[in-house]
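Working notes for the structure below.
The values are calculated or read from the model by the stated rules, or taken from the named source; none is laboratory data. Being a predicted model, the structure only gives us computed values, none of them experimental. Cβ placement follows ideal geometry from the backbone for every residue including glycine, while neighbour counts extend to all protein chains displayed. When the accessible area is computed, the model is the full protein with side chains, heavy atoms only, and any ligands, DNA or RNA have been set aside. Shrake-Rupley method; radii C 1.70, N 1.55, O 1.52, S 1.80 Å.
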Amino acid sequence: VHLFTHEWFAPASNLLKKEPPEFIASAFTEYGKWMDGWETRRKRIPGHDWCIIQLGVPGIIHGLDVDTSFFTGNYSPSASVQAACLGMDDSLTLEGDRTGMAASESQFEAVAKLHSESWEELVPVTELKPGYSDTCHNYFPITYPSRVTHLRLNMYPDGGIARLKVYGVGHKDWSALPTQDQLDLVALVNGGVCLGYSDAHFGHPRNMIGLGRSANMGDGWETARRLDRPKNLQVDGKGILQVPGYEWAVLRLGHPGVISQIEIDTNHFKGNFPDSCKIEVCYLTPEEEGKYVSGRWSSDPGNKWRVLLQPQKLQAHHRHFYSCDPLALSGPVSHVRLVIAPDGGVSRLRLWGRPSSTRHTSKL
């Protein structure tokens, strides 16, 4: 959160916490009741409260959740959301925790230059519901087609909001990137997205393309234990378990390209890492992708998938690096399928390569 009009009872940075909001009845601060969200004072001057948020990943927004959890007699009666795509020259600087205070004069001067009150409207002024468990989530579908870097969340006139969740797909400005530069083509920040998976009992596959290394096992993809494992396990000549079943996840690259290096990280997975893995790739048009998604990736009618990485034995809590033979692929790929056997967890998947001149334009 880069700027806010006020954060008397609770700081606006709480809006961005990953953890669900909590309520502690006995918790108070020198400013009043401690709340796990953003709460301003009862306004006694003209205007309304608002804050400006920089997205962790610039991209196309598909939905918002304005969560008022535990704000029952003090939630914001109404809210709206505006959006903009700002350049590096328009960046703002935080001035630390200002709980119990209003924004500084220098912050107001900096934000005035952005004319945020005129940004594109994603959500018009809308009444919010109170923060009881059955009413706290205020969901809004978004159809705005342009890339967004910053949001302005407006409260009318004041009150509290626990969390703001922004759902969408990362979108990189590929036009500014030289085609010879190598980067992680599947990274969330570069537009990678998970389109399907066989199992996500303990953790979603989208976690694998997140920022940095994983914080813990919950910040990765982890499946349930497969029930079709043999009662007595056997290995082949390479030490790979011979099992009938496997798990898989399909991801679309942020941009089609040629993959030259792979990283598979089992960080934190010490007693539950997969025994082995392989990677398959293909190039799909948006129409073909739509058919596969609607069929839940259950068949491969066009025999599209090709092996990029042959089965490899994996280790616990370890970063595995593999180089790809450029002769193994005759052109760019748009989708990858990570297959693990028999089950387990992977914290991060990185696919380094060069983007091609072809651009994928799926609406998914």
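Data table
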| read-out | value |
| --- | --- |
| Filtered residues of the stretch 136-162 (kept if assigned to a strand (DSSP E or B) and under 18 Å from the mean Cα position of the chain (by Cα)) | Y139, F140, P141, V148, T149, H150, L151 |
| Restricting the stretch 230-257 to residues that are crowded, with 21+ Cβ neighbours inside 10 Å and among the aliphatic types (A, V, I, L, M), the residue that is nearest to P355 (Cα to Cα) | L253 |
| Qualifying residue in the stretch 328-339 (condition: assigned to a helix (DSSP H, G or I) and modelled with pLDDT under 95) | yes |
| Looking only at the stretch 139-194, and only at residues there that are among the basic types (K, R) and touching a Pro at 6+ places or on another chain (Cβ under 9 Å), the one that is farthest from S78 (Cα to Cα) | K172 |
| Test: residue in the stretch 117-135 that is outside the structural domain of R252 (by the TED database) and in a helix (DSSP H, G or I) | yes |
| Lone unmet requirement of (1) in contact with a Gly (Cβ under 8 Å, 6 or more places away or on another chain); (2) open to solvent by 50 Å² or more (accessible area, probe 1.4 Å); (3) aliphatic (A, V, I, L, M) for L185 | (2) |
| Qualifying residue in the stretch 42-65 (condition: farther than 22 Å from A84 by Cα and not in a loop (DSSP other than H, G, I, E, B)) | no |
| Some residue of the stretch 156-168 being among the β-branched types (V, I, T), surrounded by fewer than 20 Cβ atoms within 10 Å (Cβ to Cβ) and more than 27 Å from D275 (Cβ to Cβ) | no |
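Let's see how each residue does on (1) outside the structural domain of P58 (by the TED database); (2) closer than 23 Å to L284 by Cβ:
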site: P157; (1), (2): no, no
site: A162; (1), (2): no, no
site: A176; (1), (2): yes, no
site: L188; (1), (2): yes, yes
site: G191; (1), (2): yes, yes
site: L195; (1), (2): yes, yes
site: D199; (1), (2): yes, yes
